[in-house]
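The structure that follows is given in the form of structure tokens.
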């Protein structure tokens, strides 16, 4: 029972973080699609704010001992990668 | 044993959030002390960023079921109050 509870919080933490990361990925995708439209601005500030918010959530979950540091880093890294692809595409637009 | 583990995560979450709130309160205090010095800027952006970060941590803890929504709100409200006192003092400087 003890470990079930523990796993439950861990699982919930992972599930919430994945959900939030998915929302940002979706935002990035929308921005990417917008690139084909002329003079469409890049909402960098919105994305940066969301990324910062997620990083604080992940950090908090790691400090709580619910999420492994490496898993948190992997989640952030994959978003950073998509973001940099977006930035590159925007620069070369 | 089950409830001990649960309380442990709850207690840790509360303790981490209180620690982070204390850091912001300290930042506000430093800014307040700086008001007596001429031409000292108000680092509003820094404070706003830290407040946003904390609000995301609290929200995450609430979603995890580790922190009561009202407790989270109380923590944010007390900081917002200190912040508004600082803003007022800065405006009337």
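The values are calculated or read from the model by the stated rules, or taken from the named source; none is laboratory data. Here the structure is a predicted model, which is why all the values come from computation and not from measurement. Note that we place each Cβ from the backbone using ideal geometry, even for glycine, and neighbour counts take in every protein chain shown.
Checking residue A:51 against (1) more than 9 Å from chain B (Cβ to nearest Cβ); (2) outside any helix (DSSP H, G or I); (3) modelled with pLDDT of 85 or more, only one condition comes out false. Which one?
(2)
Here's a check for you: in region A:67-84, which residue that is buried (at least 17 other Cβ atoms within 10 Å of the Cβ), at pLDDT 95 or above and more than 9 Å from the chain's Cα centre (by Cα) is nearest to the other protein chains (Cβ to nearest Cβ)?
A:67
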